[in-house]
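The values are calculated or read from the model by the stated rules, or taken from the named source; none is laboratory data. Just so you know, these numbers come straight off a predicted model, no measurement behind them. Note: ideal-geometry Cβ built from the backbone for every residue, glycine included; neighbour counts use all protein chains shown.
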Amino acid sequence: MAESAVSLLSSLRTIVGEAQVLTTDADVAPYVNDWRDTFHGRARAVVRPASTAEVASVVRLCAEHRAPVVPQGGNTSLCGGATPHPNGSEIVLSLARLNRVRAVDAANATLTVDAGLPLASVQRAADEAGLLFPLSLAAEGSCAIGGNLSTNAGGTAVLRYGNARDLVLGLEVVLADGRVWDGLKGLRKDNTGYDLKQLFIGSEGTLGVITAAVLKLFPKPRASATAFAALADVDAAVALLGELRQALGDRLTGFELVSGYCVVLTRKVFPALADPVPGHPWYALVQADDSAADSALSAQLEGALAVAIERRTALDATIAQSAAQGEALWSLREHIPEAQRRYGLNIKHDISLAVSRIPAFLREAQARLDAAFPGIRYVVFGHLGDGNLHYNLSAPDGVAASAFLGDGPRANRIVYDLVSELGGSFSAEHGIGQLKREELARYKPEVELELMRRIKRALDPGGLLNPGKVV
């Protein structure tokens, strides 16, 4: 090992302690492979600081040694955004030990937390304060809030509460040279220049390392209603979404689209899951919440669905009669990704479109893909309420999944070209990471790419923060 490398590791151990600089293959392995087992890297070391001051010292030292840094939270990235490259030159900066709740301000409805705190722990801290942090997604038990912010995570409640970007009032960020920007303000109005925090939210650790955040909290729901509606097609799903918005207003929290094939596939892998309204081509999972103690929400949702069935917007529906039944309906939806993973590799797309254009996209995409790949199977689900589809493709019967994945670039081009034609985005909530850099270059206007590059050069002139990701 070169003398400079030995010096770097020795100095890192001085900052964070001997036990928090991992270098053996066994210790490093959990940090250099992504959740999907798609990206595999190597690292010079994994460093685990326990405070913002330690993060700043580590980043400053790495800048002095020209050592690239890969920030990592829960390591649940779906695009390789937190995975180091195979060359072994990078330091993985794990924020897992930054896991404190710093402050709860119930009167201001804010929560200040370290970036390494798991999302489920953030939700729990808000709940203990009698309030709600609404960001919710399948990996919430293992993903970290810093990672959620660095990717501008979406999840199941965007329809009502917005993306992660909409849930943040302030940030603390370690810059590429090791300086700390303290922007931990719990202000809802602060019109004093550029909103710097928005540069770092969604930047995937390429502009700075988020170490803490001030999060918005909301009134805790006192009434909830969950339903599973059967639909003839996706046009009906869009129509039902409009009818329920009109009936329930902003109490409509989630509206998930699930194909009948998704239900069959998921129950094949997890047969104990509910099968609430079997035998239909499409479904909508509906969630509504109300903070009023005397809410008639459940009856109103039932009434709205009854009208929808009379109009044939919906074919049938079941409404959860208890919290446990509601959780069972959501469990069916939340097990889809894991069922896919166990059933075999597939070509994944995380796309967004104007809600009104989703039916046209699904029809045209299927026509083009059927022509290119006869017998292809579609695993389609997602957050229809905010226009986000997880549009996944499985191999035809008799075709090995590994061989089908070789056609991924051709399938991607068909899907993403159509998304672009319809004014949509090829990445709705998973980010760019390593996986979609070529797509970014292909579909982003050149002026937009140039602005992004300028921002990157301004904040990270040495190109040491998460290199090879996003831009």
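Report yes if Asn152 is surrounded by 17 or more Cβ atoms within 10 Å (Cβ to Cβ), touching a helix residue (DSSP H, G or I) at 6+ places or on another chain (Cβ under 6 Å) and outside any loop (DSSP other than H, G, I, E, B), otherwise no. Let's see the steps before the verdict.
Numbers: surrounded by 17 or more Cβ atoms within 10 Å (Cβ to Cβ): yes; touching a helix residue (DSSP H, G or I) at 6+ places or on another chain (Cβ under 6 Å): yes; outside any loop (DSSP other than H, G, I, E, B): no.
When the stated conditions are applied, Asn152 does not pass them.
Can you find even one residue in the stretch 185-201 that is over 30 Å from Leu389 (Cβ atoms) and in contact with a helix residue (DSSP H, G or I) (Cβ under 8 Å, 6 or more places away or on another chain)? Give the derivation first.
Residues of the stretch 185-201 that are over 30 Å from Leu389 (Cβ atoms), as a first pass: 185-194, 196.
Next, from what is left, pick out any that are in contact with a helix residue (DSSP H, G or I) (Cβ under 8 Å, 6 or more places away or on another chain): none.
Scanning the stretch 185-201, I find no residue that is over 30 Å from Leu389 (Cβ atoms) and in contact with a helix residue (DSSP H, G or I) (Cβ under 8 Å, 6 or more places away or on another chain), so the answer is no.
Among residues belonging to the stretch 21-74 that are polar (S, T, N, Q) and in contact with a strand residue (DSSP E or B) (Cβ under 9 Å, 6 or more places away or on another chain), point out the one that is farthest from Pro118 (Cα to Cα).
Just the residues of the stretch 21-74 that are polar (S, T, N, Q), to begin with: 23-24, 33, 38, 51-52, 57, 72.
Restricting the remaining residues to those that are in contact with a strand residue (DSSP E or B) (Cβ under 9 Å, 6 or more places away or on another chain) gives 23, 33, 51-52, 72.
On the way: Thr23: 25, Asn33: 19, Ser51: 16, Thr52: 17, Gln72: 12 Å.
Here the answer is Thr23.
Given the options Val158, Val92, Val113, name the one that is surrounded by 24 or more Cβ atoms within 10 Å (Cβ to Cβ), touching a residue at least 60 places away in the same chain (Cβ under 8 Å) and closer than 30 Å to Gly242 by Cβ.
Values: Val92 fails: closer than 30 Å to Gly242 by Cβ; Val113 fails: closer than 30 Å to Gly242 by Cβ.
Of Val158, Val92, Val113, the one residue that is surrounded by 24 or more Cβ atoms within 10 Å (Cβ to Cβ), touching a residue at least 60 places away in the same chain (Cβ under 8 Å) and closer than 30 Å to Gly242 by Cβ is Val158.
In the stretch 270-327, which residue that is charged (D, E, K, R) and in a strand (DSSP E or B) is farthest from Gly254 (Cα to Cα)? It would help to see each step written out before you state the result.
First, the residues of the stretch 270-327 that are charged (D, E, K, R): 275, 289-290, 294, 302, 310-312, 316, 327.
Subset that is in a strand (DSSP E or B): 289-290, 316.
Values: Asp289: 9, Asp290: 13, Asp316: 19 Å.
So the residue we want is Asp316.
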Take the residues in the stretch 215-236 that are over 23 Å from the mean Cα position of the chain (by Cα) and buried (at least 23 other Cβ atoms within 10 Å of the Cβ), then tell me which one is farthest from Pro134 (Cα to Cα). Leu231
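Output the helices (runs of 4 or more DSSP H) that fall wholly within the stretch 380-447 and possess 2 or more residues being under 23 Å from the mean Cα position of the chain (by Cα) and hydroxyl-bearing (Ser, Thr, Tyr), or say none.
Numbers: elements: 401-405, 408-421, 437-443.
Counting at least 2 such residues, we get 408-421.
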Qualifying residue in the stretch 268-288 (condition: out of contact with any Pro (no Cβ under 6 Å at 6 or more places or on another chain), of a type in the set (Lys, Arg) and either more than 23 Å from Pro134 (Cα to Cα) or buried (at least 24 other Cβ atoms within 10 Å of the Cβ) (or both)): yes
Go through (1) out of contact with any helix residue (DSSP H, G or I) (no Cβ under 9 Å at 6 or more places or on another chain); (2) farther than 20 Å from His383 by Cα one by one and return the number of the condition Lys216 breaks. (1)
Among the numbered conditions (1) modelled with pLDDT of 95 or more; (2) more than 23 Å from the chain's Cα centre (by Cα); (3) surrounded by fewer than 18 Cβ atoms within 10 Å (Cβ to Cβ), tell me where Ala293 comes up short. (1)
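Is it fair to say Asp386 is over 24 Å from Ser89 (Cα atoms) and either in contact with a helix residue (DSSP H, G or I) (Cβ under 6 Å, 6 or more places away or on another chain) or modelled with pLDDT of 95 or more (or both)? Break it down into steps so the answer makes sense when it comes.
Working: over 24 Å from Ser89 (Cα atoms): yes; either in contact with a helix residue (DSSP H, G or I) (Cβ under 6 Å, 6 or more places away or on another chain) or modelled with pLDDT of 95 or more (or both): yes.
In short, yes.
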Among (1) acidic (Asp, Glu); (2) closer than 19 Å to Ala213 by Cα; (3) crowded, with 24+ Cβ neighbours inside 10 Å, where does Asp127 come up short? (3)
Of the residues in the stretch 21-76, those that are among the polar types (S, T, N, Q), surrounded by fewer than 16 Cβ atoms within 10 Å (Cβ to Cβ) and closer than 14 Å to Thr211 by Cα come to Ser51
What are the residue pairs meeting all of these: first residue in the stretch 299-323, first residue among the β-branched types (Val, Ile, Thr), second residue part of a helix (DSSP H, G or I) and surrounded by fewer than 16 Cβ atoms within 10 Å (Cβ to Cβ), Cβ atoms under 7 Å, and 6 or more apart or on different chains? Ile319/Glu302
Meets criteria (in contact with a Lys or Arg (Cβ under 8 Å, 6 or more places away or on another chain), surrounded by 15 or more Cβ atoms within 10 Å (Cβ to Cβ) and not assigned by TED's automatic domain parsing to the domain that holds Tyr261) for Ala365: no
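Of a type outside the set (Phe, Trp, Tyr), in the same structural domain as Thr206 (by TED's automatic domain parsing) and on the phi > 0 side of the Ramachandran plot, is that true of Asn152? Before the answer, list the steps.
Values: of a type outside the set (Phe, Trp, Tyr): yes; in the same structural domain as Thr206 (by TED's automatic domain parsing): yes; on the phi > 0 side of the Ramachandran plot: yes.
So Asn152 passes the test.
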